[in-house]
Amino acid sequence: MTRSPAPLPSPERRRHLREAASLTQAQVARRIGVTRGTVRAWESGRTTPRGPGREAYADLLTSLTRTVATVKTAKAAKAAKAAKAAKTVKADKVTNTQETAPPTRMTVSPHEQPAPPAATAAPVGLTPAQAFDALYAFCAPALVRQTYLLSGRRELARESVERAFQLAWQRWPEVAVDPDPAGWVRATAYEYALSPWHRFRPRYRHPEPPPADASDRALLDTLLTLPAPYRRTLLLYDGVGLDLPETAAETEASTPAAAGRLLHARAAVAARLPGLAKPAELHRRLAEVASAQRLRAAGPPAVRAGGERRARFWTRAAIAVTVAIIGATALTVRTAPTRYEPPVPAGETVQGVPRRAAPGTLSGKELKLRAKLRSGIQHGPQRLIPLPG
């Protein structure tokens, strides 16, 4: 008899339990033995846990539920104790105010002091545009330099970052609540910069001028000879500074696969540039090469305006295509025949018909027949009566 799989809470509840336990998606992925992207897909509802990973995930969520319940119980008890202490302090203050003697001081431990009212300490929130501008100002300069190392093109690096932030602005409700919005934008920019379709664009068929410094040019050429997944793994780990599980999750690979790519990329760089065999020296040189280029990104308002224009364009294009399809369908319904009309069959060759004789000299028999016909009655009804032999 097989055991039915353990039920799982909703995707929102899974994310709430993880955040209540102060765990990151990478930490949950390490405990279960999957990638961070898999955990993110489970929490967003895009995929459903299956197999051994489902059982481990269900056990982890059960333990997190118990932990959260225990913490809530402890907090409730602590709040009740704090409220009781606050009432005691308030009663002592009222009593001491009514007496003529100086009031007595009562010491309350820091853990028992009630929290200040939320209304008096409510922070002023940012608007979506202000939050987007803050994220752009924080991430865009470094992200342009990273995409330049990834693609080797200055204009493509700037375009990739702008397209990534335009997409983030279109999906801002989703990006704003993401645990790592900078990582969301970085992954989108990397995907756009590494797209193979750029090779068919006229403006990207010819290479750009290389860096002026010979050592910078050699390092950039070495990076561009690596396969795209290896180059991206090397940049994330040795350039950006992510740890191995986060690098594996962002590149959508397992941790062993990411480690293998990293070692292969380091070996390839060390083979062509022996001075960069040490990871610390490689990290320093990557930062120097990226910083030596004059890479500028547009301002946040321009990026937001560009994203809105692009969204309006595609919305209008979709409406136009929909209207065209509806019009073509209506025209087809209006002009289509209402009954079946059999098709006209193709012509066939008729066999056995004698050939048409060509005009020429009459034979003797034909001449006798003609003379006989001419000697007979030419007019009148008698011509229709046959004569005896």
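The values are calculated or read from the model by the stated rules, or taken from the named source; none is laboratory data. Just so we're clear, the structure is a prediction, and the values are computed from it rather than from any experiment. Cβ placement follows ideal geometry from the backbone for every residue including glycine, while neighbour counts extend to all protein chains displayed. Heavy atoms of the whole protein, side chains included, go into the accessibility calculation; ligands, DNA and RNA do not. Shrake-Rupley method; radii C 1.70, N 1.55, O 1.52, S 1.80 Å.
A compact table of results
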| item | result |
| --- | --- |
| Sparse-neighbourhood loop sites, chymotrypsin sites (Phe, Trp or Tyr not before Pro) in the stretch 259-341 - DSSP loop, at most 15 other Cβ within 10 angstrom | Y340 |
| Rounded, prolate or oblate (a/c below 1.5 giving rounded, otherwise prolate when a/b exceeds b/c) for the stretch 181-286 by Cα gyration tensor | oblate |
| The stretch 148-192: C-alpha gyration tensor shape, a/c 1.5 cut-off, then a/b vs b/c | prolate |
| Accessible-area composition of the stretch 281-345, carbon plus sulfur, in percent [1.4 Å probe] | 64 percent |
| Per residue accessible area of the stretch 268-351, 1.4 Å probe, in Å² | 79 Å² |
| Loop-located trypsin sites (Lys or Arg not before Pro) in the stretch 221-309, at most 14 other Cβ atoms within 10 Å (DSSP) | R294, R296 |
| Distance cut-off 17 Å, percentage of C-alpha pairs in the stretch 124-210 lying past it | 47 percent |
| Packing rank of 24-34, 210-220, 196-206, where each peptide gets the mean count of other beta carbons within 10 Å, highest leading | 24-34, 210-220, 196-206 |
| Rg over Rh, two decimals, the stretch 198-245 (C-alpha only, Kirkwood Rh) | 1.06 |
